[in-house]
Amino acid sequence: MRGRRIEFGCGRSGHDGPGGHERKGTRDHHPVPHDPEKLRDLAVAVAAEAGELAAKGQEGITVLDTKSSPTDVVTEMDRATEDLVRDRLLEARPQDAVLGEEGGGVEGTSGVRWVVDPIDGTVNYLYGSPDWGVAVAAEIDGVVVAAAVHLPVHGQMFDAVLGGGSRLDGRELRAPEAVPLDRALVATGFGYLPERRLQQARVLTEVIPHIRDIRRVGSAAVDITGLATGRYNAYYERGLHLWDWAAPGLVASEAGLRVGGAHGGRPATTW
């Protein structure tokens, strides 16, 4: 759907993330090849295994911790799933760096960094909703080049390679053509802090008169990949983190969508 823009947010560059920890053990300093298709294949394999683990653990899950607010929750499965993803990636490519939502970062020397959201849509996951996913993206020197987004309960696996297109369950994926704004079904998301939600609600009241309708699912991975399948016509949200949009953003852009920040360029990640 060419010509549409996904407005993720504005502010500081998306490379800022939580504090990291060093990988234990010694490093192998031999060069590691950076074939984006191989990175994509690894992302798909790891996201599939992680999604299976998370799906099995969804029933009966409870809150383990909170982050920015009492409604910004972490479950035991968020951390277990991220641990699995990190372990599998570093088993395959021990020189790479990893940035995860729950566990911070692991330094690397290869020029490849993996950006991981183990369960995007944790509140949905906690409440038994199917609208959550595992997102794994690979950056080379700061550019996202490969991605996989697994929506286990929906039975969907999205993947993409920069310049190589997007796929859904192994089949080429192209977004539908654009529609006039007044016929656009627009998805968005809200933050966790009450004052942020109030501001987002004010923005929403300005948007609604100009569009067909609004949808608020609660998972950027579900929303952004949904653009590529035609579930929505546009998506905007302010304040996403890099792990929220890195993988689904590549899927969307390689399906023919425009992905960017409020003023063009790379999406930003701060309020």
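The values are calculated or read from the model by the stated rules, or taken from the named source; none is laboratory data. Just so it is clear, the structure is predicted and the values come from calculations on it, not from any experiment. Here the Cβ is made from the backbone with ideal geometry for all residues, glycine too, and neighbour counts use every protein chain on show.
Being assigned to a strand (DSSP E or B) and touching a Phe, Trp or Tyr at 6+ places or on another chain (Cβ under 6 Å) is the filter here; which residues of region 127-156 pass it?
Answer for region 127-156, where residues must be assigned to a strand (DSSP E or B) and touching a Phe, Trp or Tyr at 6+ places or on another chain (Cβ under 6 Å): ALA138, VAL149.
Would you call HIS263 within 22 Å of TRP132 (Cα to Cα) and touching a residue at least 40 places away in the same chain (Cβ under 8 Å)?
On the way: within 22 Å of TRP132 (Cα to Cα): no; touching a residue at least 40 places away in the same chain (Cβ under 8 Å): yes.
It is false that HIS263 is within 22 Å of TRP132 (Cα to Cα) and touching a residue at least 40 places away in the same chain (Cβ under 8 Å).
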Filtered residues of region 186-219 (kept if in contact with a Gly (Cβ under 6 Å, 6 or more places away or on another chain) and modelled with pLDDT of 95 or more): SER219
Residues that are crowded, with 19+ Cβ neighbours inside 10 Å and closer than 17 Å to ARG216 by Cα, drawn from region 127-145: ASP131, TRP132, GLY133
Residues being surrounded by 15 or more Cβ atoms within 10 Å (Cβ to Cβ) and either touching a helix residue (DSSP H, G or I) at 6+ places or on another chain (Cβ under 7 Å) or farther than 20 Å from ASP120 by Cα (or both) - total across region 189-198: 3
Count of residues meeting criterion [modelled with pLDDT of 95 or more and within 22 Å of GLY260 (Cα to Cα)] in region 128-142: 8
Test: ARG183 is modelled with pLDDT of 95 or more and under 15 Å from the mean Cα position of the chain (by Cα): no
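Each row is one residue, and each column tells you yes or no for (1) closer than 24 Å to ARG231 by Cβ; (2) out of contact with any Asp or Glu (no Cβ under 8 Å at 6 or more places or on another chain).
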{"site": "ARG113", "(1), (2)": "no, no"}
{"site": "ASP182", "(1), (2)": "yes, yes"}
{"site": "LEU198", "(1), (2)": "no, yes"}
{"site": "ALA201", "(1), (2)": "yes, yes"}
{"site": "ILE208", "(1), (2)": "yes, yes"}
Residue match in region 247-258 (condition: within 22 Å of GLU172 (Cβ to Cβ), surrounded by fewer than 24 Cβ atoms within 10 Å (Cβ to Cβ) and modelled with pLDDT under 95): yes
Elements of type strands (runs of 3 or more DSSP E) contained in region 1-116, each with 3 or more residues being at pLDDT 95 or above and basic (Lys, Arg): none
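Take ALA160 and decide whether it is small (Gly, Ala, Ser) and under 27 Å from VAL123 (Cα atoms).
Details: small (Gly, Ala, Ser): yes; under 27 Å from VAL123 (Cα atoms): yes.
Yes; evaluated as a whole, the condition is true for this residue.
Looking at region 106-122 only, could you name the residues that are within 19 Å of the chain's Cα centre (by Cα) and either surrounded by fewer than 18 Cβ atoms within 10 Å (Cβ to Cβ) or acidic (Asp, Glu) (or both)?
Pass one, region 106-122, residues within 19 Å of the chain's Cα centre (by Cα): 106, 112-122.
Once the filter is applied, which keeps residues that are within 19 Å of the chain's Cα centre (by Cα) and either surrounded by fewer than 18 Cβ atoms within 10 Å (Cβ to Cβ) or acidic (Asp, Glu) (or both), region 106-122 yields ASP117, ASP120.
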Unmet criterion (only one of (1) touching a Lys or Arg at 6+ places or on another chain (Cβ under 9 Å); (2) surrounded by fewer than 21 Cβ atoms within 10 Å (Cβ to Cβ)) for TYR232: (2)
SER129 touching a Gly at 6+ places or on another chain (Cβ under 9 Å), of a type in the set (Ser, Thr, Tyr) and within 21 Å of ALA43 (Cα to Cα): no
